[in-house]
Amino acid sequence: KRVAKGFLSFNVALDDLFVFDDDELEEDEEGESEGEAEEESSDEVSADNEAISVRPVVATGAELSPKEIFESICDDDFLVGMDELQRWGELQEMLADEELLPIELQNMFAEIPKAPGTNDKLNESGFTVLYYAIDDLFEEDSDDDSDSVAVDTADGTQSQDIPPGGSDDDSLKEELLDYIAELSRDPNLLPCGLDSTEREQERMLDIVADLEEQRSNLVITKGGDIQPEDLTGDWDLIFTTSSTMKFNQGLSGLGGSFPNGKFGGVVQKLQNSKWTSDIEYKERIEVPAGASFDVTVTGDWKLKGTVNLFTGEPTTVMAIEPDKVKYGPTSTKADHWKALGPLNLLDITYLDDDLRVMRGNTSVNTMFIFRRC
């Protein structure tokens, strides 16, 4: 560029001594334009190459979920280490503003179980744990500023105060329970969603998928390490998408075997001790004229840590071995009772104090939602 500028200066100085034809001037101008275009093109190529070699920082905001951030910054193996965390824009701002110290980040990262086969990388579940561990550092400050938040309504008045924190989790769970209640209002329909439509099931699956990503999910916060004591107690089945249960119109299929018989719901009881882990299903079969009865299924259960076949994430599988089926004076072995099959091997995908979601080990759209009694 310096050579080009020198030439231009020299050309201007000689302008008074020589007169150029218009054609010659046009040729000179075209030559200069081509030279400058080549230089600019070269600069653009260089800039492009530089941009390719440097992975940009991901701009993040409050509207992005942990899953979205993870997918934006993870490496080609879908893992995140300290290097990948440098691409998390919001985190880098916290470090730059000293809201979070590097040693705090390193300590939190070190305490989270690493992805299988690595000692310095997190999978999606591990990253989600880190995300919420960082988020927890700022909750106390928010609580100190205000114990509640008044929300303006459309008419200009203020609604009742809403406690800060946990609103996403609570609203999703409330939406789920409200929708189940809505589907259960018609007394002519079978409980547990056995008469739900395909569209209703799809909406339920969408709500649950969002709920499974929330910080209230013990499956995430415990890295998939669910223990028997987290599950013991009585659980009421409130919704299922199981095609087998829909076909059999209940758990055992006995409801349709009796005149005017109807499935009335099922409760799962989980017991655990040092020596035994017992399970009991109690299915209610409603029959007119006071002839209703219970079907009781007993057996054993255990938990197994494994990897989800679809997501590759750590998960806990509940394996159930039914032993006997009893109803009235009848008692029979359960090992040939095919109607029980869909419940015998399920992934625990969501768990909190009073709600549990389980999905088919080989079919994620087969879902069972239990609520603690």
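The values are calculated or read from the model by the stated rules, or taken from the named source; none is laboratory data. In this text, all values refer to a predicted model and were calculated from it rather than measured experimentally. Quick reminder, even Gly has a Cβ in these numbers, built from the backbone with ideal geometry, and neighbours come from all protein chains shown. Ligands, DNA and RNA are excluded from the accessible area calculation, which covers all protein heavy atoms including side chains. Shrake-Rupley method; radii C 1.70, N 1.55, O 1.52, S 1.80 Å.
Figures for the structure shown
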read-out: Nonlocal amide H pairs with T349, under 5 Å, H built at 1.01 Å; value: V357, M358, R359
read-out: Estimated FRET transfer efficiency when R0 is 35 angstrom, pair D75-F293 (beta carbons, to 0.05); value: 0.05
read-out: In Å², nearest 10: area of D236 left accessible to a 1.4 Å probe; value: 60
read-out: Environment charge of L194, counting only residues whose C-beta is closer than 15 Å and scoring Lys/Arg +1, Asp/Glu -1; value: -3
read-out: Note, ³J(HN,Hα) from phi for the range 98-109, Karplus 6.51, -1.76, 1.60, rounded to Hz, x at Gly and Pro; value: 6, 6, 10, 8, x, 5, 5, 4, 4, 5, 5, 4
read-out: For the range 123-133, 3J(HN,Hα) per residue [Karplus equation, 6.51 cos²θ - 1.76 cosθ + 1.60, θ = phi - 60°, Hz, x = Gly/Pro]; value: 7, 4, 5, x, 5, 4, 4, 4, 4, 6, 5
read-out: Cα-projected label distance for E321 with Q92, points at 7 Å along beta-carbon direction, nm; value: 5.4
read-out: The range 163-255: Rg to Rh, with Rh as the Kirkwood radius over Cα pairs; value: 1.01
read-out: Taking only Cα atoms of the range 218-373, radius of gyration then Dmax in Å; value: 15.7, 52
read-out: 16 Å reach of a label modelled at D136, 7 Å along Cα-to-Cβ, counting backbone N of the range 69-105; value: 104-105
read-out: Order of exposure, largest accessible area first, which applies to T349, T118, T316 with probe 1.4 Å; value: T118, T349, T316
read-out: 18 Å Cα-Cα reach of K269 towards lysines, excluding residues that sit fewer than 8 places from it in its own chain; value: K282, K302, K324, K326
read-out: D278 paired with D186, simple spin-label distance in nm, labels 7 Å along Cα-to-beta-carbon; value: 4.0
read-out: Inter-part distance where the range 258-274 and the range 333-373 are each reduced to a Cα centre, Å; value: 13
read-out: From phi via Karplus (6.51, -1.76, 1.60), per-residue ³J(HN,Hα) for the range 203-212 in Hz, x at Gly/Pro; value: 5, 4, 4, 5, 4, 5, 4, 5, 5, 5
read-out: With DNA, RNA and ligands ignored, accessible area of K222 (1.4 Å probe; Å², nearest 10); value: 80
read-out: The range 206-265: C-alpha gyration tensor shape, a/c 1.5 cut-off, then a/b vs b/c; value: prolate
read-out: Calculated FRET efficiency for the pair C373/S243, C-beta based, R₀ 35 Å, to 0.05; value: 0.85
read-out: Three-way shape label, the range 323-364, alpha-carbon gyration tensor, a/c 1.5; value: oblate
read-out: Cα centre as origin, Lys/Arg/Asp/Glu Cβ charges: the range 225-373 dipole, Debye; value: 520
